[in-house]
Amino acid sequence: MSGEDSYYITTAISYPNGEPHMGHAYEAIATDAFARHKRLQGKQVYFLTGTDEHGIKMVQTAKAEGITPAELADRNTPRFRELVAAMNCSHDDFITTREERHWASVTELWKRMADAGDIYLDTYAGWYSVRDEAYYDEDELTEEGGQKLSPQGTPVEWVEEDSYFFRLSAYQDKLLSFYEANPGFIGPETRRNEVVNFVKGGLRDLSISRTSFDWGVPVPGDPKHVMYVWVDALTNYITGVGFPDEESEQFKRFWPADVHIIGKDIVRFHAIYWPAFLMSAGVALPKKVFGHGFVNNRGVKMSKSLGNVVNPFTLAEEFGVDQLRYFLLREVPFGQDGNYSSEAITTRINADLANDLGNLAQRSLSMIAKHCEGKLPSATGYTKEDEAILLAADSLGSLVDEAMEAYAPHKALEAIWSVVADANRYFAGEEPWAKRKTDFERMETILYVTAEVLRQVAILAQPVIPVSAAKLLDQLAVPEDERDFEALGEPGRLTPGVSLPTPEGIFPRYEMPAQAE
Ligand code: ME8
């Protein structure tokens, strides 16, 4: 079992059959925020991301472009590496399913499922969606202009092939008991209900090999079959921590994973197939699968044909990486769908970051620079207003932990920014600039208290806006080793008398260029 002090978190592995898009950026950013949060809590975190290089989608895109699937993967996987770097993700590993370690892992998983009697050879005939890489039941389909469509709206075609099958039907009751015994396994609640209802409706055995192409991991003992891409892809999560070496330090420490962060469209694969494969192979099950929502453009799904796809690299360059991270995690209730628009991100940047947090920091720190010889002043006796705002800041840590524990980064940020708003009211109400002339000590106390609130806000905001939070902590002269959550509240109080660097603006206002929409 993985240890109490360790935490293993993963994103889905993306198909590198095209350029990375906003959905990929969103998932990476959210996962990164959870990973950073756990590290600041003092956990030993392992954060895995990567690409899913096999499967028919890769084969077909490559064909359309007149290149091999390997060339397509060689071209695009580096773009996904660039994406996670550009989003400032703190992943510990980036896996691709062509790696040798992964082949060894997935081959072993297959053998174990076969040894358990769960794999047999038969013929498969059914409605298959190339886009979803999944077969669908007749009664799940709709029809439009003579074309049958999957529940996702993708075209399906009738396919017949020799195929190995996984005895998924044998896992229906086991899965239902597992969901019941582990009510937190699938999040959010709506996704859990969908999965439970689907499984209650009965499970058919699953076709898990293909003979129509050879791009994939060969089936052990029958190499004219390649493994179904989802058997291959899901296994990345155990490969990433050393499987099949279950005695390795890494595997013992990190498996089972604490959470797989994925999009809502692939919850079924993660919450039904994956636990069934693992049960069959005798490997422990992950603790949680969380399906986030989709990021749309002003309520419309982003798609190349609509020409409304926003490029995450361009956005990060235009608005700033922290700004994009903040916007996505603050604006979209995690688990629900959300929208991108240039107006919405501009408003968030200017209202929350530049005005509320940025101005408060700038105003208080420049007063310290100007009137306190750049040294953090001391507090002399707290009023009830001082005590109230300090208490609000001191209480934030547990609110943020609770929200992050509930996979609600938007609520964590809401709580933090509500204290920022309180601090602004406090600062405006206490009028330190007026006190400078009438009661200098009082001014010093107000500035100290404000700085102390800023310190805790910055510490807690690090998972979402790591670079800006670090700048703010630098300006408050908070030592590097006093920036984790242990330093929250009383234990990390700022030390009066410490010299602060010259304050600089942290969050510039965003001015929309005139020609922008
Ligand atoms: O599904 N908004 O890869 P993928 C938010 N290889 N998230 C989105 C999104 C959007 N508009 N579009 C996609 C795959 N995603 C498989 C996963 S895991 C063992 C194999 C999410 O490149 C999507 O839900 O199509 C998924 O979690 C991730 O991006 C990668 O999608």
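Quick notes on this structure:
Matching residues to (1) more than 32 Å from the chain's Cα centre (by Cα); (2) within 26 Å of residue 50 (Cβ to Cβ); (3) not hydrophobic (A, V, I, L, M, F, W, C):
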residue	(1), (2), (3)
99	no, yes, yes
103	no, yes, no
106	no, yes, no
109	no, yes, no
112	no, yes, yes
118	yes, no, yes
126	yes, no, yes
135	no, yes, yes
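- Scope the range 234-282; condition aliphatic (A, V, I, L, M), surrounded by fewer than 21 Cβ atoms within 10 Å (Cβ to Cβ) and closer than 18 Å to residue 113 by Cα; matching residues: 279
- A Cβ distance below 6 Å, combined with a sequence gap of six or more or placement on separate chains, defines the contacts here; from the range 360-387, residues that are in contact (Cβ under 8 Å) with a residue 12 or more places away in the chain reach residues that are aromatic (Phe, Trp, Tyr) and crowded, with 17+ Cβ neighbours inside 10 Å in the pairs 377/448; 379/448.
- Some residue of the range 474-486 being buried (at least 22 other Cβ atoms within 10 Å of the Cβ), touching a Phe, Trp or Tyr at 6+ places or on another chain (Cβ under 7 Å) and in a helix (DSSP H, G or I): no
- When every residue of the range 17-31 is checked against the conditions, at least one turns out to be within 14 Å of the ligand (Cβ to nearest atom), among the acidic types (Asp, Glu) and in contact with a helix residue (DSSP H, G or I) (Cβ under 8 Å, 6 or more places away or on another chain).
- The single condition from (1) under 30 Å from residue 156 (Cβ atoms); (2) aromatic (Phe, Trp, Tyr); (3) not in a helix (DSSP H, G or I) that residue 26 fails is (3).
- Residue under evaluation residue 158, criteria (1) assigned to a strand (DSSP E or B); (2) more than 28 Å from residue 279 (Cα to Cα); (3) in contact with an Asp or Glu (Cβ under 7 Å, 6 or more places away or on another chain), criterion not met: (3)
- Filtered by the rule that a residue be near the ligand (Cβ under 9 Å from one of its atoms) and of a type in the set (Asp, Glu), the range 253-267 gives a lone residue, 265.
- Residues (farther than 19 Å from residue 241 by Cα and within 11 Å of the ligand (Cβ to nearest atom)) located in the range 273-292: 273, 290, 291, 292
- Leading residue by the ranking (nearest to the ligand (Cβ to nearest atom)) among those in the range 191-222 that are loosely packed, with under 14 Cβ neighbours inside 10 Å and more than 23 Å from residue 51 (Cα to Cα): 193
- One residue alone among 131, 101 is among the basic types (Lys, Arg) and at pLDDT below 95, and that residue is 131.
- Qualifying residue in the range 278-295 (condition: in contact with a Phe, Trp or Tyr (Cβ under 7 Å, 6 or more places away or on another chain) and over 25 Å from residue 35 (Cα atoms)): yes
- Apart from one condition, residue 14 fits all of (1) farther than 26 Å from residue 407 by Cβ; (2) within 11 Å of the ligand (Cβ to nearest atom); (3) modelled with pLDDT of 95 or more; the exception is (1).
- Candidate set from the range 293-340 (those that are more than 14 Å from the chain's Cα centre (by Cα) and closer than 14 Å to residue 408 by Cβ); member that is farthest from the ligand (Cβ to nearest atom): 331
The values are calculated or read from the model by the stated rules, or taken from the named source; none is laboratory data. These numbers were taken from a predicted model, which means no experiment stands behind them. As a convention, Cβ positions derive from the backbone with ideal geometry for all residues, glycine included, and neighbour counts pool all protein chains shown.
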